[in-house]
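Enquirer: Just dropping this structure here.
The values are calculated or read from the model by the stated rules, or taken from the named source; none is laboratory data. Bear in mind that the values here come from a model prediction, so they are computed numbers and not experimental data. A quick note on method: Cβ atoms are made from the backbone with ideal geometry, for glycine too, and the neighbour counts reach across all protein chains shown. We work out accessible area using only protein heavy atoms, side chains counted, and drop any ligands, DNA or RNA first. Shrake-Rupley method; radii C 1.70, N 1.55, O 1.52, S 1.80 Å.
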Amino acid sequence: MKKLLLYGLICLLTCIPAGANEITEDYMDIAKNYCLIGDYPNAISYLNRILAIEPNYTQVRDIIVMLNRFTSQDRKAYATRQNSSIYNAMVAKYNGDSTLTLEYLKKAANANGFLFYNFLGEYYKELGNYNMAIAAFNSALEYNPDFVQAYLAVALCRYEMGDYEGVIPPITKFLYFNQQESFAYMVRAKAYMMMGRNNDAETEIVTALALNDDIMYRFIHGIILCKKGQFAQAKNILEPLTDTISNADIYKYLGIAYLGLKDYNDAVLNLDKAIVLSDDDKELEAKYNEAKAALRSAASNSAPQQNNPSQQQQEPKTQVQESDSEDFPADYYLNDDYDSEEDINGTYDENQKK
(Lines give C-alpha, C1' and ligand atoms only; values in the text may rest on other atoms or scores of the structure.)
Protein backbone atom coordinates (compact mmCIF):
# COMPACT_ATOMS: atom_id res chain seq x y z
CA MET A 1 0.00 0.00 0.00
CA LYS A 2 2.85 2.42 0.82
CA LYS A 3 4.41 1.78 -2.59
CA LEU A 4 1.10 2.52 -4.31
CA LEU A 5 0.59 5.73 -2.32
CA LEU A 6 4.14 6.92 -3.00
CA TYR A 7 3.73 6.10 -6.67
CA GLY A 8 0.51 8.11 -6.66
CA LEU A 9 2.19 11.09 -5.04
CA ILE A 10 4.89 11.06 -7.70
CA CYS A 11 2.20 10.96 -10.40
CA LEU A 12 0.49 13.93 -8.75
CA LEU A 13 3.66 15.98 -8.35
CA THR A 14 5.08 15.19 -11.78
CA CYS A 15 4.06 17.16 -14.81
CA ILE A 16 6.32 16.88 -17.85
CA PRO A 17 6.99 20.46 -18.99
CA ALA A 18 6.16 21.57 -22.51
CA GLY A 19 9.01 20.84 -24.88
CA ALA A 20 10.51 18.08 -22.74
CA ASN A 21 12.41 15.59 -24.83
CA GLU A 22 11.66 11.88 -25.09
CA ILE A 23 14.68 10.92 -23.00
CA THR A 24 13.35 12.96 -20.06
CA GLU A 25 9.95 11.32 -20.38
CA ASP A 26 11.52 7.85 -20.55
CA TYR A 27 13.64 8.53 -17.46
CA MET A 28 10.55 9.69 -15.57
CA ASP A 29 8.64 6.52 -16.50
CA ILE A 30 11.58 4.36 -15.41
CA ALA A 31 11.84 6.24 -12.11
CA LYS A 32 8.14 5.75 -11.41
CA ASN A 33 8.37 2.05 -12.20
CA TYR A 34 11.30 1.69 -9.79
CA CYS A 35 9.17 3.39 -7.12
CA LEU A 36 6.37 0.96 -7.85
CA ILE A 37 8.59 -2.01 -7.00
CA GLY A 38 10.17 -0.23 -4.01
CA ASP A 39 13.61 0.34 -5.57
CA TYR A 40 13.96 3.99 -4.49
CA PRO A 41 17.75 4.36 -4.96
CA ASN A 42 17.44 3.52 -8.67
CA ALA A 43 14.43 5.83 -8.93
CA ILE A 44 16.51 8.68 -7.50
CA SER A 45 19.32 7.80 -9.91
CA TYR A 46 17.07 8.28 -12.94
CA LEU A 47 15.57 11.45 -11.50
CA ASN A 48 19.10 12.84 -11.20
CA ARG A 49 19.63 11.99 -14.87
CA ILE A 50 16.62 14.17 -15.66
CA LEU A 51 18.16 17.05 -13.71
CA ALA A 52 21.37 16.62 -15.67
CA ILE A 53 19.36 17.30 -18.83
CA GLU A 54 16.97 19.90 -17.37
CA PRO A 55 18.55 21.54 -14.29
CA ASN A 56 15.56 23.86 -13.74
CA TYR A 57 13.07 21.01 -13.38
CA THR A 58 12.06 21.97 -9.81
CA GLN A 59 9.35 19.32 -9.45
CA VAL A 60 11.92 16.59 -9.96
CA ARG A 61 14.05 18.16 -7.22
CA ASP A 62 11.04 18.09 -4.91
CA ILE A 63 10.45 14.40 -5.67
CA ILE A 64 14.09 13.56 -4.90
CA VAL A 65 13.79 15.36 -1.55
CA MET A 66 10.59 13.42 -0.82
CA LEU A 67 12.18 10.09 -1.72
CA ASN A 68 15.27 10.80 0.36
CA ARG A 69 13.08 11.66 3.31
CA PHE A 70 10.96 8.56 2.70
CA THR A 71 13.98 6.25 2.67
CA SER A 72 15.74 7.96 5.55
CA GLN A 73 15.83 6.11 8.85
CA ASP A 74 15.24 9.42 10.64
CA ARG A 75 12.49 10.79 8.44
CA LYS A 76 9.63 13.05 9.51
CA ALA A 77 6.34 13.61 7.78
CA TYR A 78 5.40 17.07 6.57
CA ALA A 79 2.96 17.57 9.43
CA THR A 80 5.51 16.62 12.10
CA ARG A 81 8.07 18.99 10.61
CA GLN A 82 5.59 21.87 10.68
CA ASN A 83 4.10 21.15 14.09
CA SER A 84 6.27 19.98 16.99
CA SER A 85 3.21 18.88 19.00
CA ILE A 86 2.40 16.30 16.34
CA TYR A 87 5.96 15.01 16.43
CA ASN A 88 5.83 14.81 20.24
CA ALA A 89 2.53 12.93 19.99
CA MET A 90 4.20 10.38 17.73
CA VAL A 91 7.07 9.92 20.14
CA ALA A 92 4.65 9.51 23.06
CA LYS A 93 2.65 6.94 21.11
CA TYR A 94 5.83 5.04 20.28
CA ASN A 95 6.66 4.95 23.99
CA GLY A 96 3.20 3.63 24.81
CA ASP A 97 2.01 6.73 26.72
CA SER A 98 -1.54 7.14 25.45
CA THR A 99 -2.37 9.97 27.88
CA LEU A 100 0.57 12.09 26.72
CA THR A 101 -0.19 11.24 23.10
CA LEU A 102 -3.72 12.64 23.41
CA GLU A 103 -2.42 15.75 25.21
CA TYR A 104 0.02 16.57 22.41
CA LEU A 105 -2.61 15.92 19.74
CA LYS A 106 -4.92 18.43 21.44
CA LYS A 107 -2.12 21.00 21.38
CA ALA A 108 -1.56 20.27 17.70
CA ALA A 109 -5.26 20.78 16.99
CA ASN A 110 -5.24 24.18 18.70
CA ALA A 111 -2.13 25.25 16.81
CA ASN A 112 -3.17 24.27 13.27
CA GLY A 113 -6.39 22.40 12.56
CA PHE A 114 -5.53 21.58 8.96
CA LEU A 115 -2.18 19.96 9.80
CA PHE A 116 -3.66 18.15 12.75
CA TYR A 117 -6.49 16.54 10.80
CA ASN A 118 -4.23 15.73 7.88
CA PHE A 119 -1.81 14.01 10.24
CA LEU A 120 -4.66 12.30 12.04
CA GLY A 121 -6.04 10.99 8.75
CA GLU A 122 -2.70 9.52 7.74
CA TYR A 123 -2.25 8.11 11.23
CA TYR A 124 -5.60 6.28 11.18
CA LYS A 125 -5.11 5.14 7.60
CA GLU A 126 -1.82 3.44 8.48
CA LEU A 127 -3.60 1.67 11.35
CA GLY A 128 -6.31 0.46 8.97
CA ASN A 129 -8.97 2.48 10.79
CA TYR A 130 -10.35 3.89 7.56
CA ASN A 131 -13.59 5.37 8.92
CA MET A 132 -11.65 7.55 11.36
CA ALA A 133 -9.16 8.41 8.63
CA ILE A 134 -11.96 9.54 6.31
CA ALA A 135 -13.49 11.68 9.05
CA ALA A 136 -10.11 13.32 9.67
CA PHE A 137 -9.48 14.04 5.97
CA ASN A 138 -12.94 15.58 5.66
CA SER A 139 -12.17 17.79 8.66
CA ALA A 140 -8.90 18.81 6.99
CA LEU A 141 -10.95 19.88 3.94
CA GLU A 142 -13.14 22.04 6.16
CA TYR A 143 -10.05 23.88 7.39
CA ASN A 144 -8.47 24.07 3.95
CA PRO A 145 -10.90 23.57 1.02
CA ASP A 146 -8.01 23.87 -1.44
CA PHE A 147 -6.48 20.66 -0.12
CA VAL A 148 -8.05 18.59 -2.91
CA GLN A 149 -5.57 15.72 -2.37
CA ALA A 150 -7.79 14.84 0.60
CA TYR A 151 -10.43 13.65 -1.89
CA LEU A 152 -7.89 11.24 -3.34
CA ALA A 153 -6.93 10.07 0.17
CA VAL A 154 -10.59 9.45 1.01
CA ALA A 155 -11.07 7.50 -2.24
CA LEU A 156 -8.05 5.30 -1.44
CA CYS A 157 -9.44 4.64 2.05
CA ARG A 158 -12.80 3.65 0.57
CA TYR A 159 -11.05 1.29 -1.83
CA GLU A 160 -9.11 -0.39 0.99
CA MET A 161 -12.37 -0.81 2.92
CA GLY A 162 -13.91 -2.62 -0.03
CA ASP A 163 -16.47 0.18 -0.43
CA TYR A 164 -15.98 0.45 -4.19
CA GLU A 165 -19.14 2.47 -4.82
CA GLY A 166 -17.92 4.89 -2.14
CA VAL A 167 -14.72 5.45 -4.14
CA ILE A 168 -16.54 7.11 -7.02
CA PRO A 169 -17.79 10.41 -5.45
CA PRO A 170 -14.46 11.56 -3.90
CA ILE A 171 -12.31 10.46 -6.85
CA THR A 172 -14.71 12.20 -9.24
CA LYS A 173 -14.49 15.36 -7.12
CA PHE A 174 -10.70 15.12 -7.22
CA LEU A 175 -10.77 14.71 -11.03
CA TYR A 176 -12.92 17.83 -11.30
CA PHE A 177 -9.90 19.80 -10.10
CA ASN A 178 -7.28 17.54 -11.74
CA GLN A 179 -8.66 16.45 -15.10
CA GLN A 180 -5.27 15.41 -16.48
CA GLU A 181 -4.34 13.19 -13.52
CA SER A 182 -3.93 9.65 -14.87
CA PHE A 183 -3.53 8.05 -11.44
CA ALA A 184 -7.06 9.11 -10.43
CA TYR A 185 -8.54 7.55 -13.58
CA MET A 186 -6.70 4.35 -12.70
CA VAL A 187 -8.20 4.36 -9.18
CA ARG A 188 -11.67 4.86 -10.63
CA ALA A 189 -11.03 2.06 -13.16
CA LYS A 190 -10.10 -0.35 -10.36
CA ALA A 191 -13.20 0.58 -8.40
CA TYR A 192 -15.46 -0.01 -11.42
CA MET A 193 -13.68 -3.31 -12.09
CA MET A 194 -14.30 -4.51 -8.53
CA MET A 195 -17.97 -3.54 -8.92
CA GLY A 196 -18.20 -5.70 -12.06
CA ARG A 197 -18.68 -2.65 -14.30
CA ASN A 198 -15.96 -3.76 -16.68
CA ASN A 199 -16.98 -1.59 -19.62
CA ASP A 200 -16.77 1.53 -17.44
CA ALA A 201 -13.50 0.23 -16.00
CA GLU A 202 -12.00 -0.13 -19.48
CA THR A 203 -13.07 3.39 -20.43
CA GLU A 204 -11.29 4.77 -17.37
CA ILE A 205 -8.07 2.80 -17.80
CA VAL A 206 -7.89 3.66 -21.51
CA THR A 207 -8.17 7.33 -20.50
CA ALA A 208 -5.36 6.86 -17.98
CA LEU A 209 -3.21 5.19 -20.65
CA ALA A 210 -3.87 8.03 -23.08
CA LEU A 211 -2.50 10.44 -20.47
CA ASN A 212 0.37 8.20 -19.40
CA ASP A 213 1.34 4.89 -21.04
CA ASP A 214 2.36 3.37 -17.74
CA ILE A 215 3.18 -0.30 -17.12
CA MET A 216 0.87 -0.42 -14.11
CA TYR A 217 -2.05 0.88 -16.18
CA ARG A 218 -1.36 -1.69 -18.90
CA PHE A 219 -1.38 -4.40 -16.25
CA ILE A 220 -4.80 -3.31 -15.00
CA HIS A 221 -6.06 -3.04 -18.59
CA GLY A 222 -5.04 -6.66 -19.19
CA ILE A 223 -6.95 -7.79 -16.10
CA ILE A 224 -10.07 -5.88 -17.18
CA LEU A 225 -9.93 -7.45 -20.66
CA CYS A 226 -9.60 -10.88 -19.06
CA LYS A 227 -12.69 -10.22 -16.96
CA LYS A 228 -14.53 -9.15 -20.10
CA GLY A 229 -13.64 -12.45 -21.79
CA GLN A 230 -11.37 -10.82 -24.37
CA PHE A 231 -8.67 -13.40 -23.73
CA ALA A 232 -6.50 -12.92 -26.84
CA GLN A 233 -6.16 -9.17 -26.19
CA ALA A 234 -5.53 -9.79 -22.49
CA LYS A 235 -2.78 -12.29 -23.28
CA ASN A 236 -1.11 -9.91 -25.73
CA ILE A 237 -0.99 -7.19 -23.06
CA LEU A 238 -0.06 -9.30 -20.03
CA GLU A 239 2.55 -11.62 -21.52
CA PRO A 240 5.19 -8.94 -22.28
CA LEU A 241 4.71 -7.46 -18.78
CA THR A 242 6.07 -10.62 -17.12
CA ASP A 243 9.57 -9.37 -17.98
CA THR A 244 9.00 -6.51 -15.51
CA ILE A 245 6.20 -7.62 -13.18
CA SER A 246 6.46 -10.92 -11.35
CA ASN A 247 3.58 -11.33 -8.92
CA ALA A 248 0.71 -13.73 -8.37
CA ASP A 249 -1.89 -11.59 -10.15
CA ILE A 250 -0.12 -11.31 -13.49
CA TYR A 251 0.42 -15.08 -13.70
CA LYS A 252 -3.13 -15.69 -12.50
CA TYR A 253 -4.79 -13.59 -15.18
CA LEU A 254 -2.34 -14.68 -17.87
CA GLY A 255 -3.23 -18.27 -16.95
CA ILE A 256 -6.94 -17.46 -17.11
CA ALA A 257 -6.42 -15.89 -20.55
CA TYR A 258 -4.67 -19.04 -21.79
CA LEU A 259 -7.47 -21.15 -20.30
CA GLY A 260 -10.02 -19.08 -22.18
CA LEU A 261 -8.02 -19.63 -25.37
CA LYS A 262 -7.98 -23.41 -24.64
CA ASP A 263 -4.18 -23.42 -24.41
CA TYR A 264 -4.32 -25.68 -21.38
CA ASN A 265 -0.61 -26.38 -21.09
CA ASP A 266 0.35 -22.70 -20.80
CA ALA A 267 -2.67 -22.12 -18.58
CA VAL A 268 -1.45 -24.73 -16.07
CA LEU A 269 2.13 -23.41 -16.19
CA ASN A 270 1.10 -19.82 -15.41
CA LEU A 271 -1.53 -20.70 -12.82
CA ASP A 272 1.02 -22.91 -11.08
CA LYS A 273 3.40 -19.94 -10.83
CA ALA A 274 0.57 -17.82 -9.44
CA ILE A 275 -0.20 -20.38 -6.73
CA VAL A 276 3.44 -20.43 -5.63
CA LEU A 277 3.44 -16.62 -5.27
CA SER A 278 -0.06 -16.18 -3.82
CA ASP A 279 -1.69 -16.52 -0.46
CA ASP A 280 -4.97 -18.40 -0.09
CA ASP A 281 -6.81 -17.53 -3.33
CA LYS A 282 -9.87 -19.72 -3.85
CA GLU A 283 -10.61 -18.42 -7.35
CA LEU A 284 -7.02 -19.14 -8.40
CA GLU A 285 -7.17 -22.68 -7.05
CA ALA A 286 -10.47 -23.30 -8.85
CA LYS A 287 -9.05 -22.06 -12.16
CA TYR A 288 -5.91 -24.17 -11.66
CA ASN A 289 -7.98 -27.32 -11.10
CA GLU A 290 -10.15 -26.46 -14.10
CA ALA A 291 -7.06 -26.06 -16.31
CA LYS A 292 -5.56 -29.36 -15.12
CA ALA A 293 -8.82 -31.22 -15.75
CA ALA A 294 -9.08 -29.71 -19.24
CA LEU A 295 -5.46 -30.65 -19.97
CA ARG A 296 -6.05 -34.29 -18.89
CA SER A 297 -9.23 -34.47 -20.95
CA ALA A 298 -7.48 -33.09 -24.03
CA ALA A 299 -4.64 -35.60 -23.62
CA SER A 300 -7.11 -38.49 -23.27
CA ASN A 301 -9.06 -37.49 -26.37
CA SER A 302 -5.89 -37.30 -28.46
CA ALA A 303 -4.66 -40.81 -27.48
CA PRO A 304 -3.69 -43.16 -30.46
CA GLN A 305 -6.58 -45.26 -31.90
CA GLN A 306 -4.70 -48.62 -31.73
CA ASN A 307 -5.06 -48.53 -28.00
CA ASN A 308 -8.80 -49.09 -28.37
CA PRO A 309 -9.65 -52.34 -26.44
CA SER A 310 -12.40 -53.34 -28.91
CA GLN A 311 -9.85 -53.45 -31.72
CA GLN A 312 -7.47 -55.48 -29.58
CA GLN A 313 -10.21 -58.09 -29.02
CA GLN A 314 -10.74 -58.48 -32.75
CA GLU A 315 -7.11 -59.33 -33.49
CA PRO A 316 -7.23 -63.04 -32.38
CA LYS A 317 -10.10 -63.69 -34.82
CA THR A 318 -7.95 -62.51 -37.70
CA GLN A 319 -5.14 -64.79 -36.53
CA VAL A 320 -7.46 -67.83 -36.39
CA GLN A 321 -8.71 -67.20 -39.88
CA GLU A 322 -5.15 -67.00 -41.14
CA SER A 323 -4.17 -70.25 -39.38
CA ASP A 324 -7.13 -72.14 -40.95
CA SER A 325 -5.80 -71.42 -44.41
CA GLU A 326 -2.26 -72.58 -43.66
CA ASP A 327 -3.25 -76.35 -44.14
CA PHE A 328 -4.28 -75.67 -47.73
CA PRO A 329 -1.63 -74.00 -49.87
CA ALA A 330 -2.88 -71.88 -52.73
CA ASP A 331 -1.76 -74.44 -55.39
CA TYR A 332 -3.14 -77.41 -53.51
CA TYR A 333 -6.45 -77.21 -55.33
CA LEU A 334 -4.62 -77.38 -58.68
CA ASN A 335 -3.18 -80.85 -57.84
CA ASP A 336 -4.02 -83.52 -60.41
CA ASP A 337 -5.35 -85.74 -57.66
CA TYR A 338 -8.40 -83.44 -57.51
CA ASP A 339 -10.10 -83.19 -60.91
CA SER A 340 -13.62 -82.26 -59.94
CA GLU A 341 -15.55 -80.10 -57.54
CA GLU A 342 -16.64 -83.31 -55.81
CA ASP A 343 -12.99 -84.26 -55.26
CA ILE A 344 -12.33 -80.87 -53.74
CA ASN A 345 -15.16 -81.46 -51.32
CA GLY A 346 -13.29 -84.54 -50.06
CA THR A 347 -14.49 -87.51 -52.28
CA TYR A 348 -11.55 -89.62 -53.45
CA ASP A 349 -11.28 -91.03 -56.98
CA GLU A 350 -11.86 -94.77 -56.93
CA ASN A 351 -8.69 -95.54 -58.92
CA GLN A 352 -6.56 -93.54 -56.46
CA LYS A 353 -8.22 -95.36 -53.59
CA LYS A 354 -7.18 -98.71 -55.05
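Enquirer: For segment 96-254, count all C-alpha to C-alpha pairs, find those more than 27 Å apart, and express that count as a whole percent of the total.
Expert: Roughly 36 percent, once rounded to a whole number.
Enquirer: For segment 181-272, what is the charge dipole size about the Cα centre, in debye to the nearest 20, if Lys and Arg each add +1 at the Cβ and Asp and Glu each add -1 at the Cβ?
Expert: 320 debye
Enquirer: A further question follows. What is the sum of charges around residue 27, taking Lys and Arg as +1, Asp and Glu as -1, for the other residues whose C-beta is under 11 Å from the C-beta of residue 27?
Expert: -3
Enquirer: Taking only the C-alpha atoms, wrap a convex hull around segment 242-308 and report its volume per residue in Å³ as a whole number.
Expert: 86 Å³
Enquirer: For the full complex of protein chains and a 1.4 angstrom probe, list 302, 182, 297 by accessible area with the highest value first.
Expert: Ranking 302, 182, 297 by accessible area, largest first, yields 302, 297, 182.
Enquirer: Using a 1.4 Å probe and ignoring any ligands, DNA or RNA, find the accessible area of residue 190 and quote it in Å² to the nearest 10.
Expert: My reading of the accessible area for residue 190 is about 40 Å².
Enquirer: Still on this structure, please answer the following. Give me the accessible area of residue 123, 1.4 Å probe, in Å² rounded to the nearest 10.
Expert: Surface accessible to solvent at residue 123 totals approximately 60 Å².
Enquirer: Leaving ligands and nucleic acids out of the surface, order 228, 252 by accessible area at 1.4 Å, largest first.
Expert: The residues order as 228, 252, largest area first.
Enquirer: Give, as a single signed number, the net charge of other residues whose beta carbon lies under 10 Å from the beta carbon of residue 235, with Lys and Arg counted +1 and Asp and Glu -1.
Expert: Net local charge, residue 235 excluded: -3.
Enquirer: Further question on the same structure: Between residue 194 and residue 29, what is the label-to-label distance in nm when each label sits 7 Å out along the Cα-to-Cβ direction?
Expert: Once both label points are built, they end up 2.8 nm from each other.
Enquirer: Rolling a 1.4 Å sphere over the protein heavy atoms, what is the accessible area per residue of segment 104-221, to the nearest Å²?
Expert: I get 46 Å² per residue for segment 104-221.
Enquirer: For each pair in 125/173; 190/287; 32/125; 32/287; 173/287; 32/227, compute the distance between the two Cα atoms and list the pairs where it is over 29 Å.
Expert: Too far apart for the 29 Å limit: 32/287; 173/287.
Enquirer: Local charge sum around residue 50 (other residues, Cβ-Cβ under 14 Å, Lys/Arg +1, Asp/Glu -1)?
Expert: Cβ neighbours under 14 Å give a net charge of -3.
Enquirer: While we're on this one: Taking a ≥ b ≥ c as the square roots of the Cα gyration tensor eigenvalues, with a/c under 1.5 meaning rounded and otherwise prolate when a/b beats b/c, else oblate, which class fits segment 183-246?
Expert: Cα axes put segment 183-246 in the oblate bin.
Enquirer: For 62, 146, what's the largest-to-smallest order of accessible area, 1.4 Å probe?
Expert: Result of the area sort, largest leading: 146, 62.
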